[in-house]
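What follows is a short report on a single structure.
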Amino acid sequence: MVAVARELTKMHEELVRGTAAEVQQHFAAKDIKGEIVLLIAPASAAETPTVTVKEALAQLLAEGTLLRAAVKQVAKAYGLPGDEVYKEALAMKG
């Protein structure tokens, strides 16, 4: 979500909120003058993975992903240190 505030505290004050595409569409056909403030909302929280780390690693490795790439991808998806995921991957092979 974004918001564009234009000409704050003035006679032609305007506030437009929506997705970036919606706001861009609103202002596309206008000749915009004056001061503008752009507010950008933080990214929404990532969805929690529905499979375990072991399952995610196993799936990637079964698909032919190299061990190093699989560890990096799973560590990023789960917000874990790479060395922990790597130890888990080695334990699965052993």
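Would you point out the residue of segment 1-23, among those that are in contact (Cβ under 8 Å) with a residue 24 or more places away in the chain and closer than 23 Å to Ala43 by Cα, that is farthest from the chain's Cα centre (by Cα)?
Initially, segment 1-23 is screened for residues in contact (Cβ under 8 Å) with a residue 24 or more places away in the chain, giving 1-8, 10.
From what is left, the residues that are closer than 23 Å to Ala43 by Cα are 1-5.
Details: Met1: 13, Val2: 15, Ala3: 19, Val4: 21, Ala5: 24 Å.
Only one residue tops the list, namely Ala5.
Restricting the first residue to segment 24-45 and requiring it to be within 27 Å of Gly79 (Cα to Cα), which pairs with a second residue that is surrounded by 10 or more Cβ atoms within 10 Å (Cβ to Cβ) and at pLDDT 90 or above meet a Cβ separation below 6 Å and a spacing of at least six or different chains?
Taking only residues 6 or more apart or on different chains, the pairs are Ile40/Val2.
Just one of the numbered conditions (1) free of Cβ contacts under 8 Å to residues at least 24 places away in the same chain; (2) in contact with a strand residue (DSSP E or B) (Cβ under 8 Å, 6 or more places away or on another chain) is not true of Ala62; which one?
Unmet condition: (2).
Residue by residue, here is whether (1) surrounded by 12 or more Cβ atoms within 10 Å (Cβ to Cβ); (2) of a type in the set (Gly, Ala, Ser); (3) at pLDDT below 90; (4) touching a Pro at 6+ places or on another chain (Cβ under 7 Å) holds:
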| position | (1), (2), (3), (4) |
| --- | --- |
| Val16 | yes, no, no, no |
| Gln24 | yes, no, no, no |
| Glu35 | no, no, no, no |
| Ala41 | no, yes, yes, no |
| Glu55 | yes, no, no, no |
| Thr65 | yes, no, no, no |
| Val74 | yes, no, no, no |
| Tyr78 | yes, no, yes, yes |
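The values are calculated or read from the model by the stated rules, or taken from the named source; none is laboratory data. Source: prediction; values computed, not measured. All Cβ positions, glycine included, derive from the backbone under ideal geometry; neighbour counts span all protein chains shown.
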